[in-house]
1. Return only the number of the condition from (1) open to solvent by 40 Å² or more (accessible area, probe 1.4 Å); (2) over 22 Å from Asp224 (Cβ atoms) that Ser34 does not satisfy.
2. Given the conditions (1) surrounded by 19 or more Cβ atoms within 10 Å (Cβ to Cβ); (2) in contact (Cβ under 8 Å) with a residue 60 or more places away in the chain, which single one is not true for Ile56?
3. Ala151 fails exactly one of the following numbered conditions: (1) open to solvent by less than 30 Å² (accessible area, probe 1.4 Å); (2) outside any loop (DSSP other than H, G, I, E, B); (3) hydrophobic (A, V, I, L, M, F, W, C); (4) out of contact with any Leu (no Cβ under 9 Å at 6 or more places or on another chain). What is the number of that condition?
4. I'd like the residue in segment 211-235 that is of a type in the set (Phe, Trp, Tyr) and more than 10 Å from the ligand (Cβ to nearest atom) and, out of all such residues, is farthest from Arg196 (Cα to Cα).
5. So how many residues does segment 80-100 have that are without any contact (Cβ under 8 Å) to a residue 24 or more places away in the chain and either open to solvent by 60 Å² or more (accessible area, probe 1.4 Å) or within 11 Å of the ligand (Cβ to nearest atom) (or both)?
6. Run down Asp100, Asp26, Asp59 and say which single residue is in contact with an Asp or Glu (Cβ under 7 Å, 6 or more places away or on another chain) and not aliphatic (A, V, I, L, M).
7. Among the listed residues Val9, Val5, Val29, identify the single one that is in contact with a Lys or Arg (Cβ under 9 Å, 6 or more places away or on another chain), assigned to a strand (DSSP E or B) and within 15 Å of the ligand (Cβ to nearest atom).
8. Restricting attention to segment 57-87, which residues are among the β-branched types (Val, Ile, Thr) and either assigned to a helix (DSSP H, G or I) or under 19 Å from Asn109 (Cβ atoms) (or both)?
Amino acid sequence: MKTIVITGVTSGIGKTLMMALLERGDKVVGIGRSRSRLFALDEDFKAKGYRSYRLIKADFQSLKEIKDAGESIRKNFTQGIDVLINNAAQMTKVNATTNDGFETQFQVNHLAPVVLTHALLPLLKMTNGIVITTASNAHRKAKYDPDDLQATKSYSPLRSYCRTKLYNVLFTRGLNEHVLKDTDVRAYAVHPGLVRTDIANKESSTFYKFSFRFFMKLKGIETDEAIKSYLHLIDHGMDQDIFYVSESKEGKLSKAAMDDTHRDHLWKETLTLLDITFSD
Ligand SMILES: NC(=O)c1ccc[n+]([C@@H]2O[C@H](COP(=O)([O-])OP(=O)(O)OC[C@H]3O[C@@H](n4cnc5c(N)ncnc54)[C@H](OP(=O)(O)O)[C@@H]3O)[C@@H](O)[C@H]2O)c1
């Protein structure tokens, strides 16, 4: 039985993954942004007879809520956790800024995983655990612009989303390179496939809603297929140098994702923006 923390459990891939882990007896902490959806999930889990879970409310548009969630897990899981799965993300249609002053997708999709990983790393070190961040092959469409990390110059929601998925990969590489090298903790990024979820139907524009719905219907896989890479990583890990995983094997990275200058630039800028270090 493993202790696993997953973000974004109230729908899509995260929900299916949490249920699959509970079904096989793991202990799972699920994080979601909506109190009512968490309540409904709780009712559903109780009806299914699951007992070994905890649900925490944290909207990643607030850095404080992410830090509070991390703090609560640290207080309650003093024996450590085995796996952190940074899965939550959103697609927005407008160029909006959070109360913390960051472009919304930049904060929710990139900064939130960094903050939560920073908070929970001491627990992962206790078990030689793993960090999995849900990236996407959409990262291959992104360019790295060191002068416009939040993609606010001539804003496009899709461009911003793709960049945050590139950052998920670069962050995973940065974490392995700058923090985990001398430890037995490993970080992975996963491309779950094109998956039939509502991610593009929630806050994106009518154009994206229409085109994503069309593509997902045509080519998408179901969430129970998409979670196989996560289960494989949790149970078996990967060969030493593989960190980007798709369909339970090594995924294909873009040039920008493999670039060490980008990796190190994003790492330094992100820690400066958040005013954290991983050595504390
Ligand atoms: N679907 C695909 O084809 C595809 C392909 C590649 C990668 N991905 C990635 O897979 C991951 C899961 O996405 P999905 O497809 O399963 O979509 P989804 O069903 O929309 O799941 C996203 C999850 O993130 C949560 N979330 C969104 N904004 C949040 C915020 N501000 N604070 C906290 N949680 C928030 C959502 O909460 P609510 O339930 O309240 O909305 C939901 O639980 C994402 O990282 C996505 O980028 C998806």
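1. The number of the failed condition is (1).
2. So the condition that Ile56 fails would be (2).
3. For Ala151, the failing item is (2).
4. My answer is Tyr230.
5. Residues in segment 80-100 being without any contact (Cβ under 8 Å) to a residue 24 or more places away in the chain and either open to solvent by 60 Å² or more (accessible area, probe 1.4 Å) or within 11 Å of the ligand (Cβ to nearest atom) (or both): 1 in total.
6. Result of the check over Asp100, Asp26, Asp59: Asp59.
7. Residue meeting the stated conditions: Val29.
8. Passing the criteria: Ile66, Ile73, Ile85.
The values are calculated or read from the model by the stated rules, or taken from the named source; none is laboratory data. Keep in mind it's a predicted model, so treat the numbers as computed, not measured. Please note: Cβ atoms are built from the backbone with ideal geometry, for glycine as well, and neighbour counts cover all protein chains shown. Heads up: the accessible areas ignore ligands, DNA and RNA and are worked out on the full protein's heavy atoms, side chains in. Shrake-Rupley method; radii C 1.70, N 1.55, O 1.52, S 1.80 Å.
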